[in-house]
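Written below as structure tokens is the structure these notes are about.
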Amino acid sequence: MRQDLSRFRAGAAVLALLALVAAGCGRNSGDAPSGFSPSGSNGGQDLLTVEMIQQGPDSALTPAVRVRIYDRSPANGFGIYRRVPGQGFDEIQQVPARFDGTFNDRVETYEAVDHDWQPNRQADYLARGTFNGTQTGVSPLTNQATLPAAGSADSLLVGKVVITCPVSTLNFTAKVDSAPVLVWDPLPGAVRYLIHLERLDHHLFFYGFTPPDGSSSYKLSSGLGDVMHENTLTLTSFFFWTVEAIDGNSRVIGRSDQQSFQARTITQPDSLIFCTP
């Protein structure tokens, strides 16, 4: 009787271990994608960024790491992993929530927050797609993003990106054509920028990354960079836009305030602003 019970417990332990490996949870040794179980497939289509944030009431803000995924794969969810020096990847046990809708070419965007930030500790992040909650050997992998070690979370908070053209004031609305050049001041350390542009009614018109060449301007309709969504601007409409600065480790290091402009017809050149880099 005892022998049978012992065999049953041993068999149950083996089954539990196999289930853990099949699900791809827990710690995975080695660098991604080698050593993952399952390994996943690095197709380079899904993008991931990290950002230091502070959460909670103003009197007790606590540091945390925001992880954002820009998904263009068939996956309908993601497992998010963190690696600290000397260890393998651990899955963050938090289901990411979608923070934007579905764009052109089936682009979806997700985010999750890692509350386990610790001072003086570097952390690498990577995400692997799930299909109805399951990760397999063909699950898409994102790029790896790194949050560097720092003694204080304040030193990792995002800086300010200053938009220079087109800009509007309380007494003036900038008027541009349907394919304007957008310009901002470069932020030290940034290699590319994420532009978000929407109409007054919150209809999305542009969402995409500039080329990774450090350029601080972008011409709409040029097709350059990693464009996730773009529609031609509707004339006589008002638009709002923002810029985020991304460094070489896929970390968000800066963000602009929102600026606005109005798209007008090219037959009124005297009233239009033509921004130059």
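Here, each number is a calculation from the coordinates, and none is a lab measurement. Note that the coordinates shown come from a computational prediction; the quantities given were computed from them, not determined experimentally. For neighbour counting, all protein chains shown are included, and Cβ atoms are generated from backbone atoms with ideal geometry for every residue, glycine included.
Sort 238-244, 138-144, 119-125 for me by packing, meaning the mean count of neighbouring Cβ atoms within 10 Å per residue, highest on top. Before the final figure, lay out each step's value.
Working: 238-244: 19.9, 138-144: 21.4, 119-125: 15.6.
So the order, starting with the most tightly packed, is 138-144, 238-244, 119-125.
Assign unit charges at the C-beta atoms only (+1 for Lys and Arg, -1 for Asp and Glu), then state the dipole size of region 159-271 relative to its Cα centre in Debye, rounded to the nearest 20.
Numbers: 8 positive and 11 negative charges, 19 e Å.
Roughly 100 debye, rounded to the nearest 20.
Taking every pair of Cα atoms in region 27-156, average 1/r, invert it to obtain the Kirkwood radius, and report Rg/Rh to two decimals.
Values: Rg = 14.8 Å, Rh = 15.1 Å.
A ratio of 0.98.
Give me, ordered by chain and number, the residues 5 or more places off Ala174 or on other chains with an amide H under 5 Å from its own placed amide H.
So Ala174 has HN proximity to Ser168, Thr169, Gln262.
Determine the principal axes of the Cα atoms in region 159-271, then give the extent along each, sorted from largest to smallest and rounded to whole angstroms.
Computed over the Cα atoms, the extents are 43, 28, 25 Å.
For the pair Lys160 and Asp201, how long in nm is the line joining their label points, each one 7 Å along Cα→Cβ?
3.5
Quick query: amide H of Val191 versus all other amide H atoms, modeled in the peptide plane; which residues come in under 5 Å with a sequence gap of 5 or more or a different chain?
Placed amide hydrogens put Ile246, Asp247, Gly248 under 5 Å from Val191.
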